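The values are calculated or read from the model by the stated rules, or taken from the named source; none is laboratory data. Since the model is a prediction, treat every value here as computed from it, not as a measurement. Cβ: placed from backbone, ideal geometry, glycine included. Neighbour counts: every protein chain shown.
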């Protein structure tokens, strides 16, 4: 298959979330047939509800700053599927993606033909296998894997990690993971392995209890991240860049983060402990590399500020209540008096009313839009939520229409805040890149 054929094939397997099948049997069998490529490098495995992608990107930047070859596997992508798999900060090339996808497809179809597998592996399982193969081919020293959904039954959980991490857990994907925080935490803690260290970010009490119990049951060394040993210092309200100091048993760190928002200091502390654990396992990662990596890390779609058509655009996934709270805190610190137009699109299964209550009061106008995704919420539902918090709103049936409306309504000194879903951010980025807005 060439790259367009690869995309057509993968998308024919069904929507990533709607067609997923949680479980490890298919991915285990598939990867065994491929030679178990995921066992050819040191692995860092990261689960959580919010911050796992940022933490993964920070850890990648640290390992790369230390001079080691590193692979990063994340999801979902924003614009191109190749964003999910990168080595040394560079996305996999389309031809390489297609080449490995062809091998994975052929192997999967043969396994079904000889009845070793009952069904073709899912979209996410096949993309995960593609990432494993590419990392092995590139001979990376370290692969950093972000869990797709949950943890215990996620396709990435066949790895043999050197260290795991669990970022802050909150309510999300309850239809798959459970309706109580403790149930969700149990699914996330399913990535823990016997006697393998786990770094745990600050958690709600019920989530922390579940993780600690699982770590003790597996005799897994537990490294808990300090919540706020030293107060982070806001450098500039308009950019949201923070600086903080952090003391561990190994070193004292002075970090100026390259990612916006005080919440990123928790992710950075988590990444620091991951790096220190990798060093204890024999990987050379000096203190300077940790500070440099955190200062240089980039991660799109998370409080990302760009200029477009003479306006400032703030793009943040903010796809659940915890994410909305993080964006709320950022907007509260943002320069006072700046008029904000909020372009909001969200999946229908999210807590729309709760997110609206947190975010919409910051906006002079909310533009409710429909994302090009079968799970997208109706803009009418979003507008009704805006009415409940007494924020003016208008509806746009497409994201392109919403952007045009936002550009027209927002004064030159204003801010367009685009939030509610990473799928929305991806669609906006694609439209901007194609000069369609």
Can you pull out every residue in region 103-136 that is surrounded by fewer than 20 Cβ atoms within 10 Å (Cβ to Cβ) and either at positive phi or free of Cβ contacts under 8 Å to residues at least 60 places away in the same chain (or both)?
106, 109, 112, 113, 114, 115, 118
For region 335-437, please list each of the helices (runs of 4 or more DSSP H) lying entirely inside it that holds at least 3 residues being in contact with a strand residue (DSSP E or B) (Cβ under 8 Å, 6 or more places away or on another chain) and more than 25 Å from residue 299 (Cα to Cα).
379-388, 399-409
Restricted to region 205-220, and to residues that are surrounded by 14 or more Cβ atoms within 10 Å (Cβ to Cβ) and assigned to a loop (DSSP other than H, G, I, E, B), which residue is farthest from the chain's Cα centre (by Cα)?
218
When the residues of region 182-199 are filtered to those that are part of a loop (DSSP other than H, G, I, E, B) and on the phi < 0 side of the Ramachandran plot, which remaining residue is farthest from the chain's Cα centre (by Cα)?
194
Check whether at least one residue in region 169-179 is buried (at least 23 other Cβ atoms within 10 Å of the Cβ), at pLDDT below 95 and touching a helix residue (DSSP H, G or I) at 6+ places or on another chain (Cβ under 9 Å), and report yes or no.
yes
How do the helices (runs of 4 or more DSSP H) wholly within region 24-122 filter down when requiring 3 or more residues that are under 24 Å from the mean Cα position of the chain (by Cα) and within 20 Å of residue 297 (Cα to Cα): which remain?
52-65
If you go through region 365-381 one residue at a time, do you hit one that is without any contact (Cβ under 8 Å) to a residue 24 or more places away in the chain and surrounded by fewer than 21 Cβ atoms within 10 Å (Cβ to Cβ)?
yes
Quick one: residue 323 ticks every box in (1) surrounded by fewer than 17 Cβ atoms within 10 Å (Cβ to Cβ); (2) out of contact with any strand residue (DSSP E or B) (no Cβ under 7 Å at 6 or more places or on another chain); (3) more than 19 Å from residue 197 (Cα to Cα) except a single one, so which number is it?
(1)
Report yes if residue 345 is touching a residue at least 60 places away in the same chain (Cβ under 8 Å), within 19 Å of residue 325 (Cα to Cα) and either assigned by TED's automatic domain parsing to the domain that holds residue 239 or surrounded by 15 or more Cβ atoms within 10 Å (Cβ to Cβ) (or both), otherwise no.
yes
Please enumerate the residues belonging to region 386-405 that are surrounded by 19 or more Cβ atoms within 10 Å (Cβ to Cβ) and either within 26 Å of the chain's Cα centre (by Cα) or not assigned by TED's automatic domain parsing to the domain that holds residue 340 (or both).
399, 402, 403
Every pair of residues 6+ apart whose Cβ atoms lie under 7 Å, when the first sits in region 270-283 and is at pLDDT below 95 while the second is not in a helix (DSSP H, G or I)
281/162
Would you point out which residue out of 271, 300, 318 is in contact with a strand residue (DSSP E or B) (Cβ under 9 Å, 6 or more places away or on another chain) and either farther than 19 Å from residue 422 by Cα or not in a loop (DSSP other than H, G, I, E, B) (or both)?
271
